[in-house]
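Step one of this worksheet: look at the structure below.
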Amino acid sequence: MKKEFLESVPLEKFAQLIPNRRRIIESASAEFPEYEYNANRLAKNLHPKVQHTVVTDVKELNGAKLFTFRADPEKGTESLAYFQAGQYISLELKIGDSLLTRPYSLCSSPSQALKGEYQIVVKTMKNGFASAYINENFAAGTKIDISAPEGTFCYEPLRDAKKIVGIAGGSGIAPFLSFAKAIADGTEDFELTLLYGSRTEEEILFKEELEELQNRCGRIHVIHVLSDEEKEGYRHGFISAELISEYVDNDTSVFVCGSQGMYDYIWKEMEKLGLSRKNFRFDAYGEYRLTDRDAEYLTAHQGKVYELTVVTNDGLTHTIPMRCDEPILVAIERAGIKAPSKCRSGECGWCRSRLVSGEVYTPEITEHRRQYDRTAGYIHPCCSFPCSDCKIMINCEGLE
Ligand code: FES
């Protein structure tokens, strides 16, 4: 080290560093400080464990309802977490003795969240347990706990092309409405061509709103496709390979949101076009229903009821029946046991549980477990079906 440099260093100040630090530590309070670091506050705001909300508005749509939520400061939530267009929230419900969750895509723009508002659309599904309950019971003033925004069905500039083709069916329009609003208000920067399938003109959700967004913003194009009606100004039939090929090329990314049946159909059409799954992004569609694809499982187990032992990490053990035609998570919820879940389609990993004994069946298209989890005996009860009596350990830590 050069002599001039050493002479320029104030060594007497260095010598005081450690004694000074000791003095500060000794004089500090043993109590935790009341202030919070900015980084921690930001993380909590973006990823709260739970958001307490209240329904502020309900609008009747054709065959569905549009719900608006705001934060509920009375229960301790001051503002709603920001989100990316295409994400969903999971609603916590108590219906009868069942404690369950339901994921719904946000159909509002992220910029509305900054003004303290989320919106979701709930269509009453045939045999829909939760959707019927929500549409019949939620009104202005209803208090409801929801998760932070979740999901990866979002535009990612590093991965996706600047031109997006959206394929929507029924209430699968929700994330695309959020995309369109976000493009129109400048939150997102891509071009959206939306192929929106409905049975009849009357069943189209948000028709006027989509028209208004299209007229206001040149980067939004909406093509309505009616399967049960032939009308001027609408395409007729299904969103077939032929129709898709009119809009999709190598410079487009394709996003799909709709029912499980629609996905089955679109996969077949994709094969005709020779397009791979990697060109397409599918939104999580909620609870998986067994189909012909699961014929082997159904033949062996249909109609059977097995016994499920659930051990929660608070040390309680419950023994309950579980049917083979439903995911294990449904049996747990029906028994009134509060279990973690969000997407209900195998993707988020929130319900990850240890299979202590027994055997389960996981349909291939819901298989998103990491390789380690598969070999180490972890399952996602939201998309696992029993093949025998089972014992599982669920992690309820952090649930409010
Ligand atoms: S709830 Fe998301 S993986 Fe089960």
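The numbers here are math on the coordinates, done by the rules we state, and not lab data. None of the values given here were measured: they were computed from a predicted structure. Cβ coordinates were reconstructed from backbone atoms using ideal geometry, including for glycine residues, and neighbour counts include every protein chain displayed.
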Quiz item: So what is the relative contact order of the chain, in percent, for Cα pairs below 8 Å that sit 6 or more residues apart?
Solution: 13
Exercise. State the Kirkwood hydrodynamic radius of the stretch 53-112 in Å, one decimal place, computed from all pairs of distinct Cα atoms.
Key: 13.3
Quiz prompt | Charge dipole magnitude, Cβ of K and R +1, D and E -1 - the stretch 163-282, Cα centre, debye nearest 20 | solution = 500
Exercise. Report the Stokes-Einstein translational diffusion coefficient (µm² s⁻¹, integer) for the stretch 296-400, Rh taken as the Kirkwood radius over Cα pairs, at 4 °C with viscosity 1.567 mPa s.
Key: 95
Self-check item: Positive-end residue, the chain charge dipole about Cα centroid, Cβ charges, pick of Gly286, Ser171, Ile134
Solution: Gly286
Quiz prompt | Hydrodynamic radius by Kirkwood, which averages 1/r over all alpha carbon pairs of the chain, in angstrom | solution = 23.8
Exercise. Measure nothing but the geometry: give the 0 to 90° angle between the long axis through the Cα atoms of 174-184 and the longest principal axis through the Cα atoms of the chain, rounded to 10°.
Key: 70
Exercise. Determine, for Thr200, Thr299, the number of other Cβ atoms within 10 Å of each Cβ, and report the residues in order from fewest to most.
Key: Thr299, Thr200
Self-check item: Size of electric dipole in the stretch 245-393: Cβ of Lys, Arg +1 and of Asp, Glu -1, about Cα centre, debye, nearest 20
Solution: 500
Self-check item: Loop sites in the stretch 211-246: GluC sites (Glu not before Pro), DSSP, at most 14 other Cβ within 10 Å
Solution: Glu229, Glu230, Glu232
Quiz item: Each residue of the stretch 24-40 in turn: what ³J(HN,Hα) in whole Hz from Karplus with 6.51, -1.76, 1.60 and θ = phi - 60°, glycine and Pro shown as x?
Solution: 5, 5, 5, 7, 6, 6, 7, 6, 5, x, 7, 6, 10, 5, 4, 4, 5
Practice problem: May I ask you to derive the relative contact order of the stretch 292-394, considering only C-alpha pairs under 8 Å and at least 6 residues apart, and to give it as an integer percent? | Solution: 35
Quiz prompt | Relative contact order, percent, the stretch 163-282 [alpha-carbon distance under 8 Å, six or more residues apart] | solution = 30
Practice problem: For every other residue with a beta carbon closer than 13 angstrom to the beta carbon of Leu61, add +1 if it is Lys or Arg and -1 if Asp or Glu, then tell me the sum. | Solution: -2
Quiz prompt | Which listed pairs, of Lys65/Lys94; Lys278/Lys304; Lys65/Lys391; Lys49/Lys115; Lys65/Lys342; Lys75/Lys338, have C-alpha distances above 29 Å, in listed order | solution = Lys278/Lys304; Lys65/Lys391
Quiz item: Dipole size in debye (nearest 20) for the stretch 43-146 around its Cα centre, Lys and Arg Cβ +1, Asp and Glu Cβ -1?
Solution: 200
Quiz prompt | Selection from Ala39, Thr124, His236, by position along the positive dipole direction of the chain (Cβ) | solution = Ala39
Practice problem: Run through every distinct alpha carbon pair of the stretch 154-237 and return the Kirkwood hydrodynamic radius in angstroms, one decimal place. | Solution: 13.1
Practice problem: Work out Dmax and Rg for the stretch 1-123 from the C-alpha atoms and quote the Rg first, both in angstrom. | Solution: 26.0, 84
Quiz item: Summing +1 for each Lys or Arg and -1 for each Asp or Glu, what net charge is found among the other residues whose Cβ lies under 10 Å from the Cβ of Glu229?
Solution: -3
